[in-house]
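**Q** Following this message is one structure expressed as structure tokens.
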Amino acid sequence: MAAWWSKLEEKAPDPSNVGNSRIIRLVYWLAIIFISCLILLVGFLPNSVNLKVGEIATEDVFYEGVNTQYISDIATNQAKNDAALQVEQIYRLDDRVLQSLNGDVINIFSSIITVQSASGMEDDAARIAFLQDSLGITLTDDALKIALDTTESNLMLWQELLQNILNDGLKNGVTADNLQHAKDAMLAAIEKLTVSSKCKELLTAVYNSLDIQPNMVYDLLATNEERDKVMAEVQPVQITVKQGEKLLSKGSAVTEQELEKLQKLGLYADTNRLLPFLGLLIFVIGLYGLLIAYLKAFYPKVSKQVSNVILIGLLFILFLILAKIFCLLQTSIKTPYAPLIGYIIPTSVFSMLFAVLFNNQIAVWATITMGLFLAVMSSGQFIYPLLGLIGGFAGIYKVSKVSQRGQLMMAGLSVAVANIITIVAWGFMWQQSSEMILFGILVGLLNGILSSILTIGILPFLESAFHITTVIRLLELANSNHPLLKQLMMEAPGTYYHSVLVGNLAEMAADAVGANSLLVRVASYFHDIGKVKRPIFFIENQKGENPHDKLQPTLSTLIITSHVKDGVEILKANHFPREVIDIVEQHHGSGILSFFYNKALSMEGNSIDEKNFRYPGPKPQTKEAAIVMLADSVQAAVQSMKNPAKGAVDGKVREIIKAKFESGQLMECDLTFRDLNTIAQAFCMVLAGVQHSRIVYPAAGKQGEKNKNAVTVEQPIESLSWASGEDGLLSGSADDMQADQHESAHTETSGDQPNHNK
């Protein structure tokens with residue numbers, strides 16, 4: 001079974017990688033609500049009525065359910081239609097009307113100017129007749145004569161005056177209803193011009209010849225869009241139905257509204273039998289809505305993760321299925337002890353699962369929600385939700401102190417005790433028989449035992465399927481008897497010792513800044529697990545010759561940096577939590593192995609690419625990953641100090657942290673400057689009692705300008721200088737130690753340049 005589940009886990013995609021869009025989460029929540037309603041509706045269907053509109057009711061029909069509401073489609077549609085009728089017709093401005101009028105005016109005056117300039121016609125009557133034919137419109141002879149006798153410049157001026165009047169009169173739009181009023185206004189504007197009477201006469205004649213049409217056109221499409229918009233804004237009309245309300249009166253004809261009410265309440269024969277009670281739907285939506293709002297307000301990271309939504313829905317649905325089964329058994333079995341079946345409903349199982357998989361606060365909220373669901377399924381019998389709430393709260397309290405899976409059995413016993421107390425108190429209150437109370441005690445005890453068994457059995461599958469790192473899982477990994485830790489201790493004892501010390505430092509720092517200290521401790525224990533593949537290549541595990549003395553710097557770099565990838569592969573193969581693997585992958589960031597880089601420079605010159613001597617990253621993405629990085633570097637540096645006096649240790653710790661920050665290794669996590677100072681204080685507190693002998697930390701060598709800022713322990717703390725060499729990063733960790741040929745010394749974990757003399 002375990003092997004099958006492991007294969008399934010490897011093939012199954014990580015639910016946390018599902019796109020966390022709001023739409024996807026909404027779809028899942030809607031599916032959860034729908035499935036929950038289906039489960040609650042089983043065995044919950046009322047009697048139905050088979051009548052049509054206009055038929056006579058043969059008896060009075062009353063509503064026997066609890067007060068509820070439904071959305072009336074008829075009333076809503078009527079409200080939408082009423083709102084649509086209030087929308088006035090929409091008109092749009094047709095620019096083509098004014099453009100056409102301006103074109104006509106231009107053509108008229110252009111024709112006049114053309115006729116004026118025509119030669120060979122000196123007779124006025126002939127010129128007037130020719131102009132009349134050229135215009136294509138009918139003007140009086142007086143107007144034509146005025147046009148022919150006017151200079152071209154005046155004609156152009158008069159043309160502009162007429163165009164301005166047309167533009168002013170039509171620019172705001174003219175409908176068919178106010179067209180005549182607009183025409184009269186434009187004629188009046190001509191009369192008000194401060195020009196000669198001949199000009200007015202000509203302009204009036206030309207204006208009267210124009211075919212002026214309305215330029216405001218009824219826009220059917222825009223009107224319909226506005227009506228649709230208004231209709232969409234109409235809120236659905238809700239109808240409230242109270243318990244005992246008369247739905248149909250005997251001897252009266254059924255109306256359309258009454259028929260709709262029967263359908264919405266699930267009392268009509270042709271109604272969708274899956275949702276007979278709208279009230280139940282509202283109830284379910286309300287409970288889940290409150291849960292969603294609670295998660296969004298107080299635990300946004302939980303609410304935004306699709307895998308968490310799926311897990312929450314799965315737990316609720318499993319609870320509803322089990323609870324419904326017991327409720328159906330209770331109603332189907334004809335025995336005086338049938339009510340005791342409801343005592344077995346395992347509410348506390350899911351309360352404890354919520355507490356372990358998420359946290360106590362979410363578990364309490366989920367337990368209340370499950371209790372309310374149970375109240376609906378038990379037809380309002382108060383004892384079952386009460387028993388579920390008290391037993392669930394007892395389980396939550398107990399698992400909050402669990403440090404290993406075996407203690408979940410003790411949590412089950414606490415649930416059993418809470419159940420027994422509740423059952424006895426309830427029996428005394430309602431004067432139940434002694435036999436009923438005794439059997440109730442046995443069932444309550446059975447409930448607690450089953451709660452432990454089911455919780456212990458279900459939890460590992462949910463942890464693996466949803467990639468959740470629970471406290472219990474981390475505590476198991478932190479056990480020194482873990483096979484990987486034993487392997488590390490046997491094959492790479494120096495690395496094991498270093499990892500334990502890093503864990504102590506990191507855990508204290510994590511507690512100080514509010515990070516997950518247990519996660520940090522576990523990740524510290526396994527951060528160098530990849531070294532078990534080639535332990536002899538790391539100086540803390542060497543007892544004699546250093547193999548790096550015979551290797552090229554590039555090959556040594558490849559071997560050293562590969563321990564991160566090897567560690568990730570080992571942890572994945574052993575199904576470690578994603579959070580631990582991420583920290584192991586990020587604990588070196590993109591730091592440079594400065595010793596091998598400088599060695600390569602001395603051998604091949606400046607043609608060396610610095611990127612080939614860096615860890616692949618990524619940089620720490622979380623507080624926990626950054627703390628492990630800093631603890632790793634600090635432990636290695638202090639271990640290498642010749643004289644670890646308190647002042648020197650404190651200075652070295654702050655030097656390393658500052659250097660990590662300046663090198664950009666902490667830029668992608670959410671540590672603040674205050675956090676860095678707090679971490680430094682925590683490190684110094686842990687290191688204050690470390691007095692055992694260490695490898696001598698060498699003084700700065702003579703590797704040119706790159707080593708001039710290196711720090712020795714003999715220097716006063718005030719004189720510490722911060723390197724900013726060409727490589728731009730610091731040597732970053734104890735892993736620069738591995739290649740220091742025949743010199744039992746570590747590289748400076750906080751300095752930007754190596755401190756080796758070769």
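The values are calculated or read from the model by the stated rules, or taken from the named source; none is laboratory data. Note that this is a predicted model, so its numbers are computed, not measured. All Cβ positions, even for glycine, are placed from backbone atoms using ideal geometry, and neighbour counts span all protein chains on display.
**Q** Every residue in segment 538-549 that is within 26 Å of LEU477 (Cβ to Cβ) and touching a residue at least 60 places away in the same chain (Cβ under 8 Å), please.
**A** Taking segment 538-549 first, the residues within 26 Å of LEU477 (Cβ to Cβ) are 538, 540-541.
Within segment 538-549, PHE538, GLU540 qualify.
**Q** Condition check: in contact with a Ser or Thr (Cβ under 6 Å, 6 or more places away or on another chain) and either modelled with pLDDT of 85 or more or of a type outside the set (A, V, I, L, M, F, W, C) (or both). Does LEU387 satisfy that?
**A** Here the answer is yes, as LEU387 does meet what is asked.
**Q** Moving on to the next point. Do we find that ILE592 is touching a strand residue (DSSP E or B) at 6+ places or on another chain (Cβ under 6 Å), at pLDDT below 90 and β-branched (Val, Ile, Thr) in this structure?
**A** yes
**Q** Another question, if that's okay. Working only within segment 238-258, note down all residues that are among the aliphatic types (A, V, I, L, M) and over 7 Å from ALA57 (Cβ atoms).
**A** ILE239, VAL241, LEU247, ALA253
**Q** Tally the residues that are under 45 Å from the mean Cα position of the chain (by Cα) and farther than 24 Å from PHE350 by Cα, restricting the search to segment 395-445.
**A** Looking only at that region, the number is 0.
**Q** Which residue out of LEU248, LEU179 is at pLDDT below 85 and farther than 30 Å from ILE282 by Cβ?
**A** Result: LEU179 is the single residue among LEU248, LEU179 that is at pLDDT below 85 and farther than 30 Å from ILE282 by Cβ.
**Q** Also: Output the helices (runs of 4 or more DSSP H) that fall wholly within segment 191-265 and possess 2 or more residues being surrounded by 13 or more Cβ atoms within 10 Å (Cβ to Cβ) and within 60 Å of the chain's Cα centre (by Cα), or say none.
**A** Result: 220-233, 256-264.
Rundown of residues vs (1) over 15 Å from LYS531 (Cα atoms); (2) among the charged types (D, E, K, R); (3) without any contact (Cβ under 8 Å) to a residue 40 or more places away in the chain; (4) assigned by TED's automatic domain parsing to the domain that holds GLN487, yes/no style:
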position: THR557; (1), (2), (3), (4): no, no, no, yes
position: SER562; (1), (2), (3), (4): no, no, yes, yes
position: PHE576; (1), (2), (3), (4): yes, no, no, yes
position: PHE595; (1), (2), (3), (4): yes, no, no, yes
position: ILE627; (1), (2), (3), (4): yes, no, no, yes
position: GLN639; (1), (2), (3), (4): yes, no, no, yes
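**Q** Out of segment 533-551, which residues are surrounded by fewer than 22 Cβ atoms within 10 Å (Cβ to Cβ), under 26 Å from ASP609 (Cα atoms) and in contact with a helix residue (DSSP H, G or I) (Cβ under 9 Å, 6 or more places away or on another chain)?
**A** The answer is ARG534, PHE537, ASN546, PRO547, ASP549, LEU551.
**Q** If only one of LEU485, LEU477, LEU505 is surrounded by 18 or more Cβ atoms within 10 Å (Cβ to Cβ), more than 21 Å from GLN621 (Cβ to Cβ) and modelled with pLDDT of 85 or more, which one is it?
**A** LEU485
**Q** Given the residues GLU655, GLU668, which is the only one that is among the acidic types (Asp, Glu) and touching a residue at least 60 places away in the same chain (Cβ under 8 Å)?
**A** GLU655
**Q** Considering only residues that are of a type outside the set (A, V, I, L, M, F, W, C) and farther than 30 Å from THR469 by Cα, look in segment 381-418 and name the one that is surrounded by the fewest Cβ atoms within 10 Å (Cβ to Cβ).
**A** Residues of segment 381-418 that are of a type outside the set (A, V, I, L, M, F, W, C), as a first pass: 381, 384-385, 388, 391-392, 395, 397-398, 400-401, 403-407, 412, 414.
Subsequent filtering for residues that are farther than 30 Å from THR469 by Cα retains 381, 384-385.
Values: GLN381: 15, TYR384: 25, PRO385: 24.
Ranking the qualifying residues of segment 381-418, first place goes to GLN381.
**Q** Additional query: Do you know which of the residues in segment 130-155 that are in a helix (DSSP H, G or I) and loosely packed, with under 14 Cβ neighbours inside 10 Å is nearest to the chain's Cα centre (by Cα)?
**A** Per the stated criteria, the residue is SER153.
**Q** Let me ask you something else. Being surrounded by fewer than 20 Cβ atoms within 10 Å (Cβ to Cβ) and either of a type in the set (Ser, Thr, Tyr) or at pLDDT 90 or above (or both) is true for just one of MET603, MET629, MET667. Which residue is that?
**A** Exactly one of MET603, MET629, MET667 is surrounded by fewer than 20 Cβ atoms within 10 Å (Cβ to Cβ) and either of a type in the set (Ser, Thr, Tyr) or at pLDDT 90 or above (or both), namely MET667.
**Q** Can you tell me how many residues in segment 472-527 are farther than 23 Å from MET685 by Cα and acidic (Asp, Glu)?
**A** 2
**Q** Identify, by number, the condition in (1) touching a Lys or Arg at 6+ places or on another chain (Cβ under 8 Å); (2) surrounded by 23 or more Cβ atoms within 10 Å (Cβ to Cβ); (3) over 23 Å from GLN639 (Cα atoms) that LEU519 doesn't meet.
**A** It is condition (1) that LEU519 fails.
Quick grid of which residues meet (1) at pLDDT 80 or above; (2) farther than 16 Å from ILE282 by Cα; (3) among the charged types (D, E, K, R); (4) in the same structural domain as PHE326 (by TED's automatic domain parsing):
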residue	(1), (2), (3), (4)
LEU30	yes, no, no, yes
ILE35	yes, no, no, yes
LEU38	yes, no, no, yes
VAL49	no, yes, no, no
GLU55	no, yes, yes, no
PHE62	no, yes, no, no
THR68	no, no, no, no
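**Q** Just the residues that are surrounded by fewer than 17 Cβ atoms within 10 Å (Cβ to Cβ) and not polar (S, T, N, Q), please, taken from segment 552-565.
**A** Answer for segment 552-565, where residues must be surrounded by fewer than 17 Cβ atoms within 10 Å (Cβ to Cβ) and not polar (S, T, N, Q): LEU555, LEU558, LYS565.
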